[in-house]
1. Kindly indicate the residue of region 70-87 that is more than 15 Å from the ligand (Cβ to nearest atom) and touching an Asp or Glu at 6+ places or on another chain (Cβ under 9 Å) and also most open to solvent (accessible area, probe 1.4 Å) among those meeting that condition.
2. Is there a residue being in a helix (DSSP H, G or I), open to solvent by less than 10 Å² (accessible area, probe 1.4 Å) and among the aliphatic types (A, V, I, L, M) anywhere in region 349-365?
3. For Gly233, indicate whether it is at pLDDT below 95 and either farther than 21 Å from Leu278 by Cβ or not polar (S, T, N, Q) (or both).
4. Within region 310-344, take every residue that is within 24 Å of Gly205 (Cα to Cα) and small (Gly, Ala, Ser) and give me the one that is surrounded by the fewest Cβ atoms within 10 Å (Cβ to Cβ).
5. What number of residues in region 5-34 are away from the ligand (no atom under 16 Å from the Cβ) and more than 20 Å from Asn312 (Cβ to Cβ)?
6. Six or more apart or on different chains, Cβ under 6 Å: which pairs go from a residue in region 370-397 that's within 18 Å of Gln293 (Cβ to Cβ) to one that's assigned to a helix (DSSP H, G or I) and of a type in the set (Ser, Thr, Tyr)? Could you list them?
7. Restricting to region 87-119, what's the tally of residues that are small (Gly, Ala, Ser) and touching a residue at least 60 places away in the same chain (Cβ under 8 Å)?
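The values are calculated or read from the model by the stated rules, or taken from the named source; none is laboratory data. Computed from a predicted model, the values in this text were never measured in an experiment. Cβ: placed from backbone, ideal geometry, glycine included. Neighbour counts: every protein chain shown. Note: accessible area is taken over every heavy atom of the protein model, side chains too, but ligands, DNA and RNA are not part of it. Shrake-Rupley method; radii C 1.70, N 1.55, O 1.52, S 1.80 Å.
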Amino acid sequence: MLVQAPTDIVSLDNILPEEPLLMMGAGPVPIPARVAAANSIVINHLGDTMAHIIEQVKSMSRYVFQTESRHILGVAGPGSAAMEMAVVNLIAPGDNVLSICNGFFSHRLSEMAERNEAHVSRYVVPDGESADPEKVAQLLEELKPSALTIVQGETSNTVYNSRLPEICALAKQHNCLVITDAVCTLSTMPLAMDEWGVDAVITGGQKGLSSIPGVSLVAFSERAWEVIESRQGHLRHWCLDAKLADQFWYKKSYHYTAPVSGILAMHEALRLICSETLQGRFDRHERCSLALQGAIEALGLSLYVAPESRLNSVVGINVPDGVTGPEILALMSGKHRVEISGSFGPNIVRIGQMGEQCRTHHLFRTVHALGASVRELGVNVDLPTGVAELEKRLQVS
Ligand SMILES: Cc1ncc(COP(=O)(O)O)c(C=O)c1O
């Protein structure tokens, strides 16, 4: 018998709420109207219009990654696919790899290297701290890895590897490639790929860039591309093979059918970044995130990471005694229509400060939703002082 069409399916109009949740978690983040509109268009993936758009995406990406490299590739897939693309193209079975691990996503990079049969040594940084260049120098000397993996901003526990430039310089002295995950940080804070000497920078669409999930970017340095070019034999991954992807991204030829709508959305997201300018965007993110952090502390809550290692792109808040993270999340989303994130590990809740999340009106709504929710759950917080602090730090006239 043929399988029949299900009869219990309802349209999205009946599933999606009238007022969507304000997405203030660790991603995906709200997208600008221009990005949403671009995402609704389908065009020929190999026509002249697409070729023109791809040229612009590469040119704008060079600015956003701060690189002159001609080896920026798009990936039809999540940030993890871009991570895997960097790993499998630069790390061969049998290679020695140093993975700096200070959270869930940096562990994921090390696992990817291990699955590709590399010999992986992990520098597990104490929770809540950023990687120490002295320790990295020692490990580079000892292990002589051909590649090092690191996450600039660990979304999972809100740690910022602030000394990435020094780590890159050390790696260069040891002829070791640096693979950096900048999924939540790219365009929210400085990352100067060429100046710092990063060999692969990975980003997803749905966080710092404020585009849609499912289309990601990887930028390879010239040094990294030489490694890719010199590879003998076939890579085990067909979709993630950078040399095959190069066919589409640089030679107007076919690799697989590109996610045209997602690339158009990425185009618009990048264009908005270029018109805001990187510096303007960094300033907006810093101002908003610091104001949010100040407001949270003024409420009477505490932040998970000490200022010197604290990530601005995602803010981790200790769950106060007597309540649970899921209770806070449920009240914030159910009653206030504001969604924030729980945690991968520590007892925290997380509020994102990436792209469109860094807007004054979103911050007021989020701080109010957080303060009102924990107060309703029986925690003694000072909501007026929290909101006043936010206003003061944002310098609202
Ligand atoms: C720092 C970081 N790296 C990688 C990823 C993985 O991205 P995706 O979930 O799109 O695969 C995330 C997602 O949260 C992230 O925050």
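1. Restricting attention to region 70-87, the residues satisfying the condition of being more than 15 Å from the ligand (Cβ to nearest atom) are 70-73.
Checking which are touching an Asp or Glu at 6+ places or on another chain (Cβ under 9 Å) leaves us with 70-71, 73.
On the way: Arg70: 125, His71: 25, Leu73: 1 Å².
That would be Arg70.
2. Residues of region 349-365 that are in a helix (DSSP H, G or I), as a first pass: 355-357, 360-365.
Those left that are additionally open to solvent by less than 10 Å² (accessible area, probe 1.4 Å): 355, 357, 363.
Still in the running and among the aliphatic types (A, V, I, L, M): 363.
Yes, there is a match, as at least one residue in region 349-365 is in a helix (DSSP H, G or I), open to solvent by less than 10 Å² (accessible area, probe 1.4 Å) and among the aliphatic types (A, V, I, L, M).
3. Numbers: at pLDDT below 95: yes; either farther than 21 Å from Leu278 by Cβ or not polar (S, T, N, Q) (or both): yes.
It is true that Gly233 is at pLDDT below 95 and either farther than 21 Å from Leu278 by Cβ or not polar (S, T, N, Q) (or both).
4. For region 310-344, the residue satisfying everything is Gly342.
5. 20
6. Within 6 Å, the pairs are Leu394/Thr360.
7. First, the residues of region 87-119 that are small (Gly, Ala, Ser): 92, 94, 99, 103, 106, 110, 113, 118.
Checking which are touching a residue at least 60 places away in the same chain (Cβ under 8 Å) leaves us with 92, 103, 106.
Result for region 87-119: 3.
This table checks each residue for (1) without any contact (Cβ under 8 Å) to a residue 24 or more places away in the chain; (2) on the phi > 0 side of the Ramachandran plot; (3) touching a strand residue (DSSP E or B) at 6+ places or on another chain (Cβ under 9 Å); (4) not assigned by TED's automatic domain parsing to the domain that holds Cys184.
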position: Val305; (1), (2), (3), (4): no, no, yes, yes
position: Ser309; (1), (2), (3), (4): no, no, yes, yes
position: Val315; (1), (2), (3), (4): no, no, yes, yes
position: Pro320; (1), (2), (3), (4): no, no, no, yes
position: Thr324; (1), (2), (3), (4): yes, no, no, yes
position: Ala330; (1), (2), (3), (4): yes, no, no, yes
position: Gly334; (1), (2), (3), (4): yes, no, no, yes
position: Glu339; (1), (2), (3), (4): no, no, yes, yes
position: Pro346; (1), (2), (3), (4): no, no, yes, yes
